[in-house]
Amino acid sequence: MKRILLVPFFLLVFASLGAQADLRPEEIVERFAARESEFRELWQQYTYTQNIVFQVLDDRGEVQEQREMSVEVYFTKEGKRETRTLDDYGRLRSVRVSQEDIDDAVHRQPFVLTTEERPFYKVDYRGEEQVDELYTYVFDIEPRRIQKGKRYFEGRIWVDDLDFQIVRSVGKVVPDYRDNKFPKFETLRQQVDGEHWFPVWTEADDVLRFGRGRSVRVRELIIYENFQKFEVNTSIIYEPIEGQEPDEAPSPEEVAPEEP
């Protein structure tokens, strides 16, 4: 997670320290929420692929079961943004990959705290921290209340002090259900377009605890690749799906409805 340095390093440090000294936590939240709204809108203009791996591990961390998926976000000829599964193989027997698990991986990653969603969360400032070469503001996030049928993020985020965008998040999607538990994850972002921070990597490694003392260690890895901005006059070239004739129009397999 590195920034391309275009000015002398001491100037970046000076700008960073100055920004931290001048802004109140409430102002920082307002700024990064506005930038996250910009990112959310831009994110909806991009195509990309997600390679998702679900694993069950033993006590030594060895892989016992595995399921892999490749998911593509693309635009139809009419300009409609769709999601389809390119590949899906393997099976987990100890736990079930639920529709909520897939929805979280495909539609709720990365976590984005926009101006519009800000009222639904408690945001507590925890200080400043250097992450690799970045100076960041740290906040704890939790939903003010959980509405039935909706999913939320609960955890910690790191906000770049120059771009005012989330560059790292650690937490989980809530709520858990009686027979459906969700792991804690970490997501890292990088600058893809030279300005906005896009997710490139998400990993979860957690022990899910069910009733009667049953527990299962699971690991989940999501890699984001092949980012391409969709323009009105841009033709997106699709890779053929195995078993589909080259001259067939793509027939998307909907993974789940996208979150608004």
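State all residues of region 133-149 that are under 13 Å from TYR121 (Cα atoms) and either surrounded by fewer than 22 Cβ atoms within 10 Å (Cβ to Cβ) or without any contact (Cβ under 8 Å) to a residue 60 or more places away in the chain (or both); if no residue qualifies, say none.
Step one: of region 133-149, the residues under 13 Å from TYR121 (Cα atoms) are 139-147.
Within region 133-149, ASP140, ILE141, GLU142, PRO143, ARG144, ARG145, ILE146, GLN147 meet the criteria.
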Are any residues in region 121-161 among the hydrophobic types (A, V, I, L, M, F, W, C) and modelled with pLDDT under 95, and if so, which ones? VAL131, LEU134, ILE146, PHE153
If you go through region 125-147, how many residues are outside any loop (DSSP other than H, G, I, E, B), among the acidic types (Asp, Glu) and under 24 Å from LEU221 (Cα atoms)? 2
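Considering each of LYS122, LYS150 in turn, give the residue that is in a loop (DSSP other than H, G, I, E, B), charged (D, E, K, R) and more than 27 Å from GLN228 (Cα to Cα). Spell out the reasoning first.
Details: LYS122 fails: in a loop (DSSP other than H, G, I, E, B).
Criteria check complete, one pass: LYS150.
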Region 64-98, residues that are in contact (Cβ under 8 Å) with a residue 40 or more places away in the chain, farther than 15 Å from ILE222 by Cα and in contact with a Leu (Cβ under 8 Å, 6 or more places away or on another chain): VAL95
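Among the residues of region 25-49, count how many are assigned to a helix (DSSP H, G or I), of a type outside the set (A, V, I, L, M, F, W, C) and surrounded by fewer than 17 Cβ atoms within 10 Å (Cβ to Cβ). Write out each step before concluding.
Step one: of region 25-49, the residues assigned to a helix (DSSP H, G or I) are 25-43.
Checking the rest, the ones that are also of a type outside the set (A, V, I, L, M, F, W, C) come to 25-27, 30-31, 35-38, 40-41.
From what is left, the residues that are surrounded by fewer than 17 Cβ atoms within 10 Å (Cβ to Cβ) are 25-27, 30, 38, 40-41.
Result for region 25-49: 7.
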Can you name the condition, by its number, that ARG189 falls short on among (1) under 19 Å from ARG96 (Cβ atoms); (2) crowded, with 22+ Cβ neighbours inside 10 Å; (3) of a type in the set (Lys, Arg)? (1)
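Limited to region 184-211, what total is found for residues that are within 20 Å of ARG35 (Cα to Cα) and either in a strand (DSSP E or B) or out of contact with any strand residue (DSSP E or B) (no Cβ under 6 Å at 6 or more places or on another chain) (or both)? Explain how you work it out, then say what you get.
Quick first cut of region 184-211, residues within 20 Å of ARG35 (Cα to Cα) only: 187-200.
Next cut, either in a strand (DSSP E or B) or out of contact with any strand residue (DSSP E or B) (no Cβ under 6 Å at 6 or more places or on another chain) (or both) only: 187-191, 193-200.
So the count comes out to 13.
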Checked region 88-117 for anything under 30 Å from ARG31 (Cα atoms) and loosely packed, with under 15 Cβ neighbours inside 10 Å; matches are GLU116
Could you count how many residues in region 192-207 are under 17 Å from LYS172 (Cα atoms) and either polar (S, T, N, Q) or surrounded by 18 or more Cβ atoms within 10 Å (Cβ to Cβ) (or both)? 3
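The values are calculated or read from the model by the stated rules, or taken from the named source; none is laboratory data. Computed from a predicted model, the values in this text were never measured in an experiment. Note: ideal-geometry Cβ built from the backbone for every residue, glycine included; neighbour counts use all protein chains shown.
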